[in-house]
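Below you'll find the structure, written out as structure tokens, and then a few comments.
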There are 2 protein chains.
Amino acid sequence: MSRKVVELFYDVVSPYSWLGFEVLCRYRNVWNIDLKLKPAFLGGVMHSSGNRPPGLVPNKFLYMVTDLHRLAEYFGVPLSPPSNPAEAMFEKGSLPAMRFVTAVAEKHKDDDALVEKVSRELWKRIWSTDQDITQPASLTEAGLKAGLSASEVEELLLLATSQTVKDKLKNVTKQALDHKGFGFPLTVCHVNGKPEVFFGSDRFELMAHCIGEKWVGPQPTKPTAKM
Amino acid sequence: MSRKVVELFYDVVSPYSWLGFEVLCRYRNVWNIDLKLKPAFLGGVMHSSGNRPPGLVPNKFLYMVTDLHRLAEYFGVPLSPPSNPAEAMFEKGSLPAMRFVTAVAEKHKDDDALVEKVSRELWKRIWSTDQDITQPASLTEAGLKAGLSASEVEELLLLATSQTVKDKLKNVTKQALDHKGFGFPLTVCHVNGKPEVFFGSDRFELMAHCIGEKWVGPQPTKPTAKM
């Protein structure tokens, strides 16, 4: 039975994307899916779709803090908001970080493993230990923690400023917009040639239903023997 | 073991509220909870919290149509959007309908059963069969289908225009705002004297975790013997 392709569009600036990312990374060993990581630029999707950050509504912001705290515990993801979320998310933003991740994706086209590790290290910085993700030194630290060599990090930092990578990030972001995206995470499950699009990290039970799999909570146990 | 009080703030103009309402009505026989229905006015919550309807972002509107269709099927709720959602939701709105439901709640203070039935009949009209919910004749039809007598419907239509009922609806709406609400459904679970607030109809698994119960999908089977 061929594996269903599932694309995950995300940006490390988005905490709900982190939750969705970890859950799908766990489930790619449980469900019969071919998970494709699609690092993209949330700022572009918000701007082009005319969407506004939910945190601009004060009560929504307060709710998100509680919601993320509860979900982080339940999902088993060490998520903790930065001390100044507005500065981290909107003033500093994620463009250099997502170009860096895109450079990793460009250099390792056939293997998502490093994209996964680098993305996770960047999330840990902005959404767990309240560290910068905009400066070259910050990206270097994340790259080294993800297992890259110093020379490869240097090469990737250079590649991240190339037109090729800028265009690639724009292109992946456009793909999310082509799927009528308005925020991240955006998960696109290809089912019988038709894309089934899910926004957010709260539709996994429904997603499982759509792709003919079973949802057993955010921390599934990997089956010891695959069928 | 005393039952945990769970309050559900809702408005029949909100399709996600219908999904949440049906699920909680099913689970009140499965979980050890005392479900309190809190009919309120969504327009007031949106206005006072400074929130905007999600459907104003075109991609979000398109997504909601798909999302609701998929959820309705999965949840087993006969939800189908009205032909002109903007007219039904924003131009006509739900104020007369929610005053009518509030009149039912005022007259039957100790029993939610009629509030439940009348609310469901109103949801069926606006979110299933594309019928009006603003005219007295429409409210009458819904009331009769819910099992009320013609004379009681007449009495309730009168009560719905009273200051008592107007104030009660305002008061319940204010309670939702006191819980920092910004939309419906808003579910407040009272756990160890602390309110745990959930927005939307996609946090039931987390809600179950918070109140020490088990989520087994949107259509649980009622246990044959209660413990």
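Tabulated data for the structure shown
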read-out: Square roots of 5 times each gyration tensor eigenvalue, C-alpha, region B:135-189, largest first, Å; value: 28, 14, 9
read-out: Inter-copy label distances at residue B:134 (7 Å, Cα→Cβ; nm, one decimal); value: 4.8
read-out: Positive-end residue, the protein assembly as shown charge dipole about Cα centroid, Cβ charges, pick of A:134, A:207, B:43; value: A:207
read-out: Innermost chain A residue relative to the axis carrying A onto B, by Cβ distance in angstrom; value: A:202, 2
read-out: Two-site FRET efficiency, residue B:84 against residue B:219, from Cβ-Cβ distance with R₀ of 35 Å, rounded to 0.05; value: 0.70
read-out: Region A:8-65 shape via C-alpha gyration tensor axes, a/c threshold 1.5; value: oblate
read-out: Cα-projected label distance for residue A:73 with residue B:130, points at 7 Å along beta-carbon direction, nm; value: 4.6
read-out: Neighbour-count order for B:49, A:119, fewest beta carbons within 10 angstrom listed first; value: B:49, A:119
read-out: For residue B:164, label point 7 Å along C-beta direction: distances to other copies, nm; value: 7.7
read-out: Axial C-alpha extent at least 24 Å, average Kyte-Doolittle at least -1.0 - helices from chain B (DSSP); value: B:58-75
read-out: Sum of -39500 (n - 2.57) over DSSP H runs of 4+, divided by residues of chain B (222 nm, nearest 500); value: -15500 deg cm²/dmol
read-out: Partner chain coverage, peptide B:192-200 - average Cβ within 10 angstrom; value: 2
read-out: Using a 7 Å Cα-to-Cβ projection, residue A:32 label spacings across copies, nm, ascending; value: 4.1
read-out: Cα-based Rg of region A:106-171 normalised by 2.2 N^0.38 Å, two decimals; value: 1.09
read-out: Translational D in µm²/s for region A:4-211 (Stokes-Einstein at 20 °C, 1.002 mPa s, Kirkwood Rh from C-alpha pairs); value: 125
read-out: Cβ-based exposure ranking for A:28, A:125, A:3, in which fewest neighbours within 10 Å come first; value: A:3, A:28, A:125
read-out: Calculated diffusion of the protein assembly as shown, Stokes-Einstein form, Kirkwood radius summed over Cα pairs, 20 °C and 1.002 mPa s, µm²/s; value: 91
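Every number here is computed from the coordinates shown, using simple stated rules; none is lab data. These numbers were taken from a predicted model, which means no experiment stands behind them. Methodologically, a virtual Cβ is constructed for each residue, glycine included, from the backbone with ideal geometry; neighbour enumeration extends over all protein chains shown.
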